[in-house]
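In what follows, a single structure is set out as structure tokens and then discussed.
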Amino acid sequence: MIRTAKRQKFDKSAFFTYVKKNYRSILFFALFFIGMIIGAMLIRNAPGETLDNLASITGGFVDKRAQQSFADTLISSFMSNSLYLMLLFIFGFCAIAQPFITAVPLFKGLGLGFSIGYFYAYYKLQGLLYVLLIILPGALITTAVVIAACNQAYSLSLIFLRGINPNNNKSPNNQPSITIKKYMMRYVFFLVVILVSSSFEAICSSLFGRFFSF
């Protein structure tokens, strides 16, 4: 007898519960992808003269990166990637920083989309390989960390915003969702992950960087 597998019904309530619980992360990821699309479109519509100017800048950067030591690449990558965390960490202590926190994943996506679009538009397959082997692996990890950091900063910023209104403190439903101690510990963890991501980026650059010359 042939058994037919029953199709699992789509659980709408579970889906909406998940979206409601994680709406902020979904929003940040959506803004990141929107930024990527905008960045890629800016490059697509850029005049040839602009691409030529960018090519001279990028070529020098790629050559310099290929000649750097592992430690130099690690340090430069860590410094640039941790800049987002530093900004978000400070924004978390500001009661009106929610718009700025929301803009961070958008600009992160804008930069990545700009880079991917440029390397593909100007260098075609070679540029795409450079993105896949050197830029994208570390960027994916860094993006996930930035999104998580946005969540933490937004939550703490809301606590300070609610603290401006004394009536909010009297409500039992407005208990802090995050403490300063947890906030700082999580950002220390984020920095560790960024260090690991930067190390991975430096390894990829050391292994594959010498095969590219723009």
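Here, each number is a calculation from the coordinates, and none is a lab measurement. Bear in mind the structure is a predicted one, so any value in this text is a computation, not a measurement. A quick note on method: Cβ atoms are made from the backbone with ideal geometry, for glycine too, and the neighbour counts reach across all protein chains shown.
Once both labels are positioned 7 Å from their Cα atoms along Cα-to-Cβ, the gap between Leu161 and Ser13 label points is 3.1 nm.
Determine one quarter of the surface area of the Cα convex hull of region 68-123, which equals its mean projected area, and express it in nm² to one decimal. Across all orientations, region 68-123 yields a mean hull projection of 5.0 nm².
Segment Met184..Asp72, full-extension length gain: 37.6 nm, with 0.36 nm per residue of separation and the alpha-carbon distance subtracted. Modelled spin-label separation between Ala30 and Ile90, with each label point placed 7 Å from Cα along the Cα-to-Cβ direction: 3.0 nm.
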